[in-house]
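Down below is the structure, laid out as structure tokens.
The values are calculated or read from the model by the stated rules, or taken from the named source; none is laboratory data. The structure displayed is predicted, hence computed values, not measured ones. Because the Cβ atoms are built from the backbone with ideal geometry, glycine has one as well, and the counts that use them run over all protein chains shown.
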Protein chains: 2
Amino acid sequence: MSTADKIVNAHTSTRTAADACVVGVDYGTLSGRALVVRVADGAELGSAVHEYRNGSIERTLPATGAALPPDWALQDPDDYRDVLRRAVPAALAAAGVTPAQIVGIGVDFTACTVLPTLADGTPLCELTEYRDRPHAYVKLWKHHAAQPQADRINELAHARGESWIGRYGGRISSEWEYAKGLQLLEEDPELYHRAERWIEATDWITWQLTGVETRNACTAGYKGILQDGARPGDDYLSALNPDFVDFTAKLEHPVSPLGARAGGLTKEAAGWTGLPEGVAVSVGNVDAHVTAPAVKATGPGRMVAIMGTSTCHVVNGPGGGAPADVAGMCGVVDGGIVAGLWGYEAGQSGVGDIFAWFVRGFASPELHAEAAERGLSLHELLTGQAAAQPPGAHGLVALDWHSGNRSVLVDHHLSGAVLGLTLATEPHEVYRALLESTAFGTRVIVEALEAGGVGITEFVAAGGLTRNSFLMQLYADVLRRPVSLAGSAQAPALGAAIHAAVAAGAYPDVPAAAGAMGSLVPEAFLPDPARAAVYDLLFAEYLTLHDHFGRGGNDVLHRLREIKAGTRR
Amino acid sequence: MSTADKIVNAHTSTRTAADACVVGVDYGTLSGRALVVRVADGAELGSAVHEYRNGSIERTLPATGAALPPDWALQDPDDYRDVLRRAVPAALAAAGVTPAQIVGIGVDFTACTVLPTLADGTPLCELTEYRDRPHAYVKLWKHHAAQPQADRINELAHARGESWIGRYGGRISSEWEYAKGLQLLEEDPELYHRAERWIEATDWITWQLTGVETRNACTAGYKGILQDGARPGDDYLSALNPDFVDFTAKLEHPVSPLGARAGGLTKEAAGWTGLPEGVAVSVGNVDAHVTAPAVKATGPGRMVAIMGTSTCHVVNGPGGGAPADVAGMCGVVDGGIVAGLWGYEAGQSGVGDIFAWFVRGFASPELHAEAAERGLSLHELLTGQAAAQPPGAHGLVALDWHSGNRSVLVDHHLSGAVLGLTLATEPHEVYRALLESTAFGTRVIVEALEAGGVGITEFVAAGGLTRNSFLMQLYADVLRRPVSLAGSAQAPALGAAIHAAVAAGAYPDVPAAAGAMGSLVPEAFLPDPARAAVYDLLFAEYLTLHDHFGRGGNDVLHRLREIKAGTRR
């Protein structure tokens, strides 16, 4: 076992060791985690983490040492197999369960993380002749070098009035399948033409597990522009680039609903994992979306926010018919979170990284010293100082657009602001205003969904920022809604395990499995009416500024960016 | 000689030691400086500083140890006499001139710094029975405890449509004679009634030098609401408080033009100073305004900015008739800077103290370490980093209202802002945006004066911030005007000496004396057209925000203050 492997969370169990279990595998940016979960009640019996040998490949290609251009981020797909080889057996050992107890396995993945393969699933980068070609490798979600292609995709879609563009807030991301695929074509056409498949890593690793190619409804919809059963048409593609017209063929495949059985574990994959050959493998999934069943959010009304450096919001709306008309979502996909319901995804491009930016650049030596003396992180220290004041006492309001606005305004050329500064303004007050601004940003998204007919009754927080109780209470007060917490610290892996249980036939569908296996700390934070009343006042100010600077009242933020760009020319 | 006394600036001279000289005494907030200046050419031959024994009395009354309320700031007038006793002889010694060479002496002072006295000039605090009464002492300019009185003064003036209020930007400061006098009446009526005079310290110390009571045109106009030969009427005063109707009698006295001879040095004052009895003493003056002749700014068009924690702008407009209609000045006074011309005063309430606020609270340990290693102040380090970027490269614009807006908007309930922040924004970029915001604030004042008919052809900077060459160049570029520098590091004392020379009859008037004795580094910084063009773009953004947030487009800054105040109740 590699030294990078870690065994964590060996739970004790009140049931017998013979209970049926499933394995959820969560593929993150730098590592993969395997979690062994009991089918009957979702108890997490053991887990293990394997760090990718090649991590995120951003500077040089390991095979050659050649430098990569800026904004590139690749991965080596064999690192994903290594997670199966190492983390899965280690998790079983940690859980103290025998392979015979395992009835299924499922994965979730970062997305859009996508690779070119042959028709048999062989990654192009595993062909000897292409080991030295950067475009042969997996393009990780954070590969941001396809922005010129994304810009053209969006301009052309609006120019042609493509109906699907509205389902994505009017904007296809440079991270997604079409932009990255067009970059491949235009920068390495030989590889583009050699690629018989352009496939999400979540579907590819599932293919590796089963020997059967599948495509899941989540990535097909959110990342692959599959809407109402169709993808962008040939006219559109050839207008982008005449040679791009065959791109659909590289994506096209029957789409499986989430929770479906992709196939049975192959003999080879059984060898990697130590699991019995033939156990059920569920279709692939995405880390954010799979968190919804992990916190029992399988019906309409319960929004899940995965809060870290950025925040991803997913919520189900009613199924059938057309989706609600909600402006500025990242994506609206039929069955994108739970089969049979419209799945809405929204996001805030900067949350934890705004707090980190402030702490990194603007914390004085006195704060550093006090934090060190008290054994606190700067975030903990500033949060504690901020919490000592009542809401509104800082006299500040901020805009949380330091890396743009991903949802509702869908404008990545916006930037942040702080108003109300005086000579008495202290650092923890600015820090608190930044915390608040992200809560206000979430409230704008919640209210946009509600205005479009997607009710939000409860807010479930998951991710690293949930450790900050003051922040969680702030969100409850600002949203005037209970904030529940994910019960599991590894909710995505639990969500993948839930899908595996459904694929294994242990439950009739994902909602039933989530009801039994999902884990939630319900209403961990309740809104306080007095604080909420003050936050309403501040939110009103935020909203006025949001609309003024975000909807054309004053385009100063765009012009500042243009002035800045002008200095570089 | 006290250990606090310092002898500085002993210049060498190319003239003979027998040249006629004058002494200028500059009374600051914490110390007084005496400067010996040659009449013929303004050469500064020597100076000395005496620090006030009691400094600014803000916490406890020295005579009793009793605590003072918040916002109080008193002084002991005998500290002013000590400057005559100590700094003047020391400056003579440093200059190497004999008393017989001195033909005159003049003072300038902080203002409004004001005290209650008997009809013979005895300060009430020097009467044994009043040593324990805080209201018997000098109220220093920064005594801010008369805000409730100032509020009533302003409300009533507007309600009654008093004509004089427009000469003060619609607002009488809590620092000025009427607010402080009304506070005296309402908090210690016995002392109010005992006070036969309510006199600026600059006039009081001149009285001490000469034995003759005088009042100068500058403080009478800017601080004492003397306009067109009249003060606020009895109806107005009695509406404020029936007992305040006799306040005018405590101020009223023939007003002397600046540069006039107040009298001859008394035998007692000759004893204090070591100067010959009977030498000319000029009428009192104010530190900011007296800087104008020190930099030869005695005619229309040359604006002088005294730049420190805040900035005071003084400029002469054409004389005669009515003053130009310029909204939002601190004061417009006939002969307030130079006899015969309308004197315009404007100000920015926060300049250097905004930069200091940022450096104090928001500079990281890395910056502190780098500054220490390179032997720089944080200001120098951040300025250097900022200067390495071209204008506009930070993508930021800030509002310099951290302590409100003193001129044009005349609104002390505004607050500051920074817009355009991104996760890549670095501290020196915010610092530069703050520097720029103060230059933009100055440009708004300059353009308001020009729009009102007061041309501004040149900008002369004095004060501590002139040491920052990057800042000076920035002002030249933003203002699109040459920036000249005061030639003297002790320009106010030089200005006082110039007035003394006029009072002594060495020159026919202040402009003639200033022409010979004033000191200027002309056009030390010239605007660069390319940078100015970028700053024009940023200034346009500043101005849009200035008007939006300062003129009612969005009163968020006021509402934030109200929300903040609400949390204290």
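Observations, loosely collected:
- Residues that are touching a residue at least 24 places away in the same chain (Cβ under 8 Å) and crowded, with 22+ Cβ neighbours inside 10 Å were ranked within the range B:412-421; the one that is farthest from the other protein chains (Cβ to nearest Cβ) is B:L414.
- Residue within the range A:232-244 that is surrounded by fewer than 21 Cβ atoms within 10 Å (Cβ to Cβ), of a type in the set (G, A, S) and closer than 25 Å to A:A491 by Cα present: no
- Check on B:A424, crowded, with 24+ Cβ neighbours inside 10 Å and within 21 Å of A:G361 (Cβ to Cβ): no
- Filter result for A:E44 (out of contact with any Gly (no Cβ under 8 Å at 6 or more places or on another chain), buried (at least 24 other Cβ atoms within 10 Å of the Cβ), modelled with pLDDT of 95 or more and of a type in the set (D, E, K, R)): yes
- Selection status of A:A513, within 27 Å of A:G28 (Cβ to Cβ) and small (G, A, S): yes
- Output for the range B:363-386, where each listed residue is more than 14 Å from chain A (Cβ to nearest Cβ) and either of a type in the set (V, I, T) or in a loop (DSSP other than H, G, I, E, B) (or both): B:G375, B:L376, B:S377, B:T383
- Of all the listed residues (B:G299, B:G271, B:G259), the sole one being under 23 Å from B:R81 (Cα atoms), in a loop (DSSP other than H, G, I, E, B) and not aliphatic (A, V, I, L, M) is B:G259.
- Residue that is of a type in the set (A, V, I, L, M, F, W, C), within 12 Å of chain B (Cβ to nearest Cβ), closer than 27 Å to B:R568 by Cα and crowded, with 20+ Cβ neighbours inside 10 Å, where the choices are A:A393, A:A398, A:A439: A:A398
- Matching option when the condition is surrounded by fewer than 20 Cβ atoms within 10 Å (Cβ to Cβ), within 25 Å of B:Y507 (Cβ to Cβ) and of a type in the set (D, E), among B:E187, B:E252, B:E268, B:E277: B:E277
- Qualifying residue in the range B:215-234 (condition: more than 30 Å from B:H158 (Cα to Cα) and either at pLDDT 95 or above or not aliphatic (A, V, I, L, M) (or both)): no
- Qualifying residue in the range B:81-92 (condition: within 30 Å of B:I225 (Cα to Cα), buried (at least 24 other Cβ atoms within 10 Å of the Cβ) and touching a residue at least 40 places away in the same chain (Cβ under 8 Å)): yes
- Exclusive hit being in a helix (DSSP H, G or I) and in contact with a Ser or Thr (Cβ under 9 Å, 6 or more places away or on another chain), set B:A100, B:A111, B:A87, B:A34: B:A87
- Looking at A:V290, A:V304, just one residue is assigned to a helix (DSSP H, G or I), in contact with a strand residue (DSSP E or B) (Cβ under 9 Å, 6 or more places away or on another chain) and at negative phi, and that residue is A:V290.
- Within the range A:114-137, the set of residues being closer than 15 Å to A:Y80 by Cβ and part of a loop (DSSP other than H, G, I, E, B) comprises A:G121, A:T122, A:Y137.
- Unmet requirement for B:D411, which otherwise passes all of (1) within 30 Å of B:R551 (Cα to Cα); (2) at pLDDT 95 or above; (3) among the acidic types (D, E): (2)
- Matching residues in the range A:412-427 - criterion: being within 20 Å of A:G308 (Cα to Cα) and not in a loop (DSSP other than H, G, I, E, B): A:G416
- Any hit, the range A:344-362, residues being among the charged types (D, E, K, R), within 14 Å of chain B (Cβ to nearest Cβ) and in contact (Cβ under 8 Å) with a residue 12 or more places away in the chain: yes
- Output for the range A:54-103, where each listed residue is out of contact with any strand residue (DSSP E or B) (no Cβ under 7 Å at 6 or more places or on another chain) and aromatic (F, W, Y): A:W72
- Here the helices (runs of 4 or more DSSP H) wholly within the range B:471-569 that include at least 1 residues being away from chain A (no Cβ under 14 Å) and crowded, with 21+ Cβ neighbours inside 10 Å are B:491-503, B:510-517.
- Condition check for A:D334: more than 14 Å from chain B (Cβ to nearest Cβ), surrounded by fewer than 20 Cβ atoms within 10 Å (Cβ to Cβ), farther than 24 Å from A:T29 by Cα and in contact (Cβ under 8 Å) with a residue 24 or more places away in the chain: no
- Only one of the listed residues (B:Y192, B:Y168, B:Y178) is closer than 17 Å to B:L237 by Cβ and either of a type in the set (K, R) or out of contact with any strand residue (DSSP E or B) (no Cβ under 9 Å at 6 or more places or on another chain) (or both). That residue is B:Y178.
- Within the range A:543-561, being under 29 Å from the mean Cα position of the chain (by Cα) and not acidic (D, E) holds for A:L543, A:L545, A:H546, A:F549, A:G550, A:R551, A:L557, A:H558, A:R561.
- Test: residue in the range B:82-94 that is within 21 Å of the chain's Cα centre (by Cα), among the charged types (D, E, K, R) and over 27 Å from B:G518 (Cβ atoms): no
- Top-ranked residue in the range A:226-256 [being among the acidic types (D, E) and in a loop (DSSP other than H, G, I, E, B); ranked as farthest from A:V333 (Cα to Cα)]: A:E252
- Search result, residues across the range A:310-328 that are crowded, with 18+ Cβ neighbours inside 10 Å and in contact (Cβ under 8 Å) with a residue 40 or more places away in the chain: A:S310, A:T311, A:H313, A:V315, A:G317, A:P323, A:A324, A:V326, A:G328
- Sole residue being touching a Cys at 6+ places or on another chain (Cβ under 7 Å) and closer than 25 Å to A:S488 by Cα, chosen from A:V97, A:V49, A:V83: A:V97
- Test result for A:D509, free of Cβ contacts under 8 Å to residues at least 60 places away in the same chain and not small (G, A, S): no
- Any hit, the range A:112-119, residues being under 23 Å from A:P257 (Cα atoms) and surrounded by fewer than 23 Cβ atoms within 10 Å (Cβ to Cβ): yes
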